[in-house]
Each structure stands twice: as structure tokens, then as C-alpha cells.
Amino acid sequence: MLDSSDEKRQTGTNEKSEEEKKAEETELFTKYYTEWRGGGDREESYRNIPRFYYRLPAEDEVLLQKLREESRAVFLQRKSRELLDNEELQNLWFLLDKHQVPPVSGEEAMISYEAYLQVGEKAGPKCKKFFTARVYAKLLHNDPYGRISIMQFFNYVMRKVWLHQTRIGLSLYDVAGQGHLRESDLENYILELIPTLPQLDGLEKSFYSFYVCTAVRKFFFFLDPLRTGKIKIQDILACSFLDDLLELRDEELSKESQESNWFSAPSALRVYGQYLNLDKDHNGMLSKEELSRYGTATLTSVFLDRVFQECLTYDGEMDYKTYLDFVLALENRKEPAALQYIFKLLDMENQGYLNVFSLNYFFRAIQEQMKLHGQEPVSFQDVKDEIFDMVKPKDPYKITLQDLVNSCQGDTVTSILIDLNGFWTYENREVLVANDNDSNNTADLDDT
């Protein structure tokens, strides 16, 4: 039989062995867990996190800046060499034409997937990225033989090459190398582009700065809604503005196309000419009174007050750049960016929505103009109900910018509130439609 001292010694021994087991278990767990996570002695490189952030050189670090510029230039040159040149594009067209598979669909030559892969093997390494199953499937439509149009495929390749060339060209003006262009960067790009656009041959050099300002404002008005002062190059490529600008390379561009193209010489001269005509005191700026004669001279004074309260002015007068934003907003009222511009002016208390008070405040000015023109003012209650019926806002008492955009009626609503002529057009829309129909019927009778 053990005495008390022997029992204590035995208990101490048992306790120690338990501690040892626990320590051993922890050690094994740590070892296996570390190995499972990829650590341990097997891969020493995992212990070091590679450097992935390099700060931009400061203005006084001239050598680092020069190094960055040179390395970017070399990178862009390498990317440019990877693109297909004219000779390689002609060779690609020759190969596609040689491998067309009958029968012809309408007037278009077609190619099967097997022939498509054969062309891909012969076209060279630069073309490899275009000859994939994904590209073929993208261009595959309703051909009963599972073929694609040779012309559509070639146009696809041409478009891709053009996009990459343009991306590289724009990147050369990206001074910061961050994938976006500042206003001055885009101004330099367009200024150097002018001599390459035959439709701008007639522009006098003294007008170049105004033309560049006019062109650049459209990019920044629509692509920089938060007014950060920079635009992503990807956004420039994704929108149609660059296509409109480069359309001016066409020497035979029709008069109608020129008039509808913001970047054409007639359009730029029209906008600048309007600005000069409004500037009655010839000080190069527009006062509220001068701007009130814009268009049909039917914008309400209340709306013009808001324009001069919210927009950038100099001693209470508007410069050409601010005027361009104003014109772009009023000429493109269906566009979300234009609606955002006008909505900010209508939202007097910056609440993020328009309520009955806001609508009444602006429509009262329309009613006053109607009285001045000898017309019977329309009841605000009727107009308010029509506006809410058109917009169908989520909140029945508030209209947000998103509500206006979603309703596709934003241009009509804003015209009713800020422009007597716009309200008159809306109020007499049925009469105007009837007159249009009568005119069309008369023209048809004349033809017969």
C-alpha cells in the first residue's frame, strides 16, 4: 500500500507526461499546418512577399521620371510592333479569300471552322489570337452550314487592330502613365490630330484653340461626370466620340453627317458663332442677360439664375468652356450626363430629389412667361400630375435623377420646367403630330 508521499510522486509523473503529450501534439500540428500552407523549409521563397507597388517619381526626381518615360516608350513600341501592318492585313485577306467555302450566302463569301483553323496556321504568329473558337462562335449567326462571313471576320480583325493602335496612340499622351488622360493631355492629342483630318483643312490656325476646347469639352462632359479632371483611356475607346472625330478623315463626308457631328468644322463654328453673337458687349464672356437670348430666347429667368449660381463664373459672367457644358446639356437632354447637369440646377436645396415645391417653383416662371405672351396660364396641378405620371418615381412624392433616367422622359420633364418653347411643344404635341401627318399626306398626293 502506497503512502501519501508516493501517491504525490506518481501523480506528478502522470501530470508531466500529459504536458509532454500536449507539447508534442502542438509541435506536430504546427509542422503539418505550416507544410499544408506551403511554408516550412521546402519553399524559402514563400517567406518573402514580392514587391508589387512602385510609387510614381516626384517632380524633382528628374532621372526617375526620364527612366519611366523611356521605359513606357519602349513598352508601347513593342506593343505597336505586335500589331498587324497593312501588308500583313492584305495577306490575311488573301488567305481568307483563298479558303472560302461554297455556297456563297447572298453576296458574302463564307468560311467553315476547319478552313478557318487552316488560315490561322498559315497567317503567322501575330494572327494567332484572332483564330480561336471564341471569336468564331461570336461571329457565327444563322448559317445552315455553320460558317461565318469572311468580311465580318476581317472587319472584326481590322476593328481590333484599330482599337489597339488608338490605345497606343492615346497612351503616348498619358504623361502620368496611369491609364487616363487629363484635359491638357487630350488637348495635345486633338491638336496634333487636326492636320490628319481632311475635313478640318479649312480651319484657320487662329481658331485651333477654340476648336480643341470645343472637342475636348464633349469628352469631359459625358465621360467625367464626377468632374475629376481625367478620363480613362478605356472609356474613350468604348464610346463613339473617337469614331465621330476620326470620321473627319473621310474627304467625301456628306453635309448632313458634318452638321450632326459635334467635331466637324461647321458644328464647331456654329457653336462658337452663337457664343460670339450672344456676347453683345464683346468682352469674351456672357452675362445672364446675354445668355437669356440663347436658342429661342424662351429659357426662364429662374432657371438662368440657377445656372449662374451653380456653374463656374468669373465676376458673375460665363466663359466659353462653361458655355460649352451648358450647350451640351441642353442639346442632349435625353442623355444621363445632361440630365445630371440639369437636375443639379433644379435641385435647389441639394436634397437629391425634386418634390412638389421644386416643380412649382420652376413652373411658376413658365406661367409668368405665358402671361407675358398673352396666353392663358396652365394649372400647375395638372402639369404636376402629368409629370409624376410620366416619370412614375419609386417614391410617389419625390423624383430622383435615377427616376428621370429610368423613365426615358427626362428630356420632356426638364423642357416643361425650364423652357417656355419646350412646354409649348409638349402642350401642343397632338396638334403638331396631326400637322406632320397632314404634311406627309399632302406630299404623297403631290408625288402621285
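The values are calculated or read from the model by the stated rules, or taken from the named source; none is laboratory data. Predicted model, so just to flag it, every value in this text is computed and none were measured. Glycine also receives a Cβ, built like all others from the backbone with ideal geometry; neighbour counts cover every protein chain displayed. All accessible areas refer to the heavy atoms of the entire protein, side chains included, with ligands and DNA or RNA removed. Shrake-Rupley method; radii C 1.70, N 1.55, O 1.52, S 1.80 Å.
Points worth noting:
- The trypsin sites (Lys or Arg not before Pro) of region 264-324 meeting both criteria, a DSSP state outside H, G, I, E and B (loop) and at most 16 other C-beta atoms within 10 angstrom of the site's C-beta, are LYS280, ARG293.
- Whole-Hz ³J(HN,Hα) from phi, Karplus 6.51 cos²θ - 1.76 cosθ + 1.60, for region 302-318, glycine and proline x: 5, 5, 5, 4, 5, 4, 6, 6, 8, 8, 5, 10, 10, 6, x, 10, 9
- When you filter the chymotrypsin sites (Phe, Trp or Tyr not before Pro) in region 124-225 for DSSP loop state and at most 13 other Cβ atoms inside 10 Å of their Cβ, you are left with TYR145.
- Compared with the dominant principal axis of the Cα atoms in the chain, helix 4-36 is inclined by about 50°.
- Convex hull of Cα atoms in the chain, direction-averaged projection (nm²): 46.6
- Backbone amide hydrogens, once placed in the peptide plane, bring SER105 within less than 5 Å of MET110, excluding anything fewer than 5 places away on its chain.
- Cα-based reach from LYS79 at 17 Å (exclusive), listing aspartates and glutamates while leaving out same-chain residues under 8 positions away: GLU69, GLU70, GLU88, ASP174
- Per-residue Karplus couplings for region 140-157, computed as 6.51 cos²θ - 1.76 cosθ + 1.60 with θ equal to phi - 60°, are listed in order as 7, 10, 10, 5, x, 9, x, 9, 10, 6, 4, 5, 5, 5, 5, 5, 4, 4 Hz, Gly and Pro entered as x.
- With protein chains left intact and a 1.4 Å probe, residues in region 150-197 average 47 Å² of accessible area per residue.
- Unsatisfied cross-links (Cα-Cα over 28 Å) in the set LYS232/LYS288; LYS230/LYS334; LYS255/LYS321; LYS205/LYS334: LYS232/LYS288; LYS205/LYS334
- Counting protein heavy atoms only, region 225-267 has 45 percent of its accessible area on carbon and sulfur, 1.4 angstrom probe.
- In plain terms, the chain from CYS239 to GLU27 could stretch by 70.3 nm, reckoned as 0.36 nm per residue minus the Cα-Cα distance.
- A Cα-only calculation for region 163-281 places Rg and Dmax at 14.6, 48 Å.
- Nonlocal amide H pairs with MET318, under 5 Å, H built at 1.01 Å: LEU286, SER287
- Surface per residue (accessible, 1.4 Å probe) for region 321-370, Å²: 40
- Rounded if a/c under 1.5, otherwise prolate or oblate - region 200-346, Cα gyration tensor axes: oblate
- Dipole magnitude for the chain: computed about the Cα centre from +1 point charges on Lys and Arg Cβ and -1 point charges on Asp and Glu Cβ, it is near 1340 debye.
- Comparing VAL104, VAL175, TYR136 along the charge dipole axis of region 46-190, the residue lying farthest to the positive side is TYR136, per the Cβ-charge model.
- Sparse-neighbourhood loop sites, GluC sites (Glu not before Pro) in region 208-278 - DSSP loop, at most 10 other Cβ within 10 angstrom: GLU251, GLU252
- Stretch gain in nm, segment GLN65-ARG81, where the contour uses 0.36 nm per residue and the Cα spacing is subtracted: 3.3 nm
- Cα-centre dipole for region 223-359 with unit charges at Cβ (Lys and Arg positive, Asp and Glu negative), debye to 20: 300
- Compared with the dominant principal axis of the Cα atoms in the chain, helix 356-372 is inclined by about 20°.
- Amide H within-cut-off set for HIS180, under 5 Å, with H built and near neighbours excluded: ILE233
- In degrees, nearest ten, helix 380-391 long axis to first principal axis of the chain (Cα): 40
- Using the Karplus relation 6.51 cos²θ - 1.76 cosθ + 1.60 with θ = phi - 60°, the per-residue 3J(HN,Hα) values for region 202-214 come to x, 6, 6, 4, 5, 8, 3, 5, 6, 5, 4, 4, 4 Hz, with x marking Gly and Pro.
- Region 108-202 shape via C-alpha gyration tensor axes, a/c threshold 1.5: prolate
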